[in-house]
Amino acid sequence: MGSYQSNSCHPIEGTNRWVEFENDWFAEGRSRRAYRGTYKGDWRVEGKKCVVKIYKEVWCERIGELAYKADIRASERAQEMARAFNQMYPSIESIEFIQPEISKINSSSAFMFLGFIPFHKKVKGKRASSKDTSTEMIPEGDTVAIEKYLRGKFTSFLSNSGYETVPSAVPAAFSHFTFHHSHGKILVCDLKGVREDHGYVFTDPAIHSSISAFQYGFFGPTDLGDIGMIKFFQNHKCNDLCSRFLQPVLESVMPRHESLARHIGDSNATVFNCELLRRCETATYELSSLAIS
């Protein structure tokens, strides 16, 4: 698995399962760091690999526990949409979203001993080339999200701006489907994960939600609201699976929203709503309507 697994979490609520995880993170996004872990306490998953995700300090300070609640909402709603999509298209590759489980860090490998003298253990720091104390990186009591380990090549298929890193008809059509199926209330995107024999398994989806139906940012820091939906359709090219789906009439919204959409770059990088709002002070006022055909 890598480095020694000397950290653990409390049992996941309603189960006997808990996890041990490594000292050093192996991957990071803009908001979280991921650690390799192993399930314990339940013979059905004993010894199986998992991934433990810890929010970075700046996100904990900014939104705290709300981040995890928003992540759960996004994962659950995305999976609801996946079930509906799979029922509509039973003969093509299926879509699935991993559902994170929430726990708290129980013990951290904070100290090492030289004789009877304790000293802080150093682990991989905030930057990949640095070292920080375990207490800083893995604080006891912090909330963690636990997900099953995905085997295979991890790929970003579609960013939350609608940019296709790896052009693929099914993921792109699924995102369009979520807008259609919800009558323009949400759009599931930021599709990343693995492609298996039966279909796609994704993790950490983003959901853009209409400001007329939800509070801005309801599905977390990657929810760009109506402007995120517009940006998706500016980039999206319909394929045979989604050509008849509902979509916004961009001509009717472009005059007001083109300047806002321009602030979202065309890349595979995830865009966060706090960054968008800093650049577009009028965003919460401007994004009050979306014309639907």
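Values quoted throughout were computed directly from the atomic coordinates according to the rules given, and no laboratory measurement underlies them. Computed from a predicted structure; not experimentally measured. Methodologically, a virtual Cβ is constructed for each residue, glycine included, from the backbone with ideal geometry; neighbour enumeration extends over all protein chains shown.
Among residues other than Ala78 whose Cβ falls under 13 Å from its Cβ, what is the net charge (Lys/Arg +1, Asp/Glu -1)?
Every neighbour counted, the sum reads -3.
In nm, to one decimal, how far is the Gln215 label point from the Ala84 one, both placed 7 Å along Cα→Cβ?
Label at Gln215, label at Ala84, 2.3 nm between them.
Looking at this model, which pairs from Lys148/Lys192; Lys124/Lys192; Lys69/Lys153; Lys48/Lys148; Lys40/Lys124 are more than 18 angstrom apart at the alpha-carbon?
Lys124/Lys192; Lys69/Lys153; Lys40/Lys124
If R₀ is 30 angstrom, what is the calculated FRET efficiency for the pair Ser129 and Asp42, using the beta carbon separation as r and rounding to 0.05?
Approximately 0.20, to the nearest 0.05.
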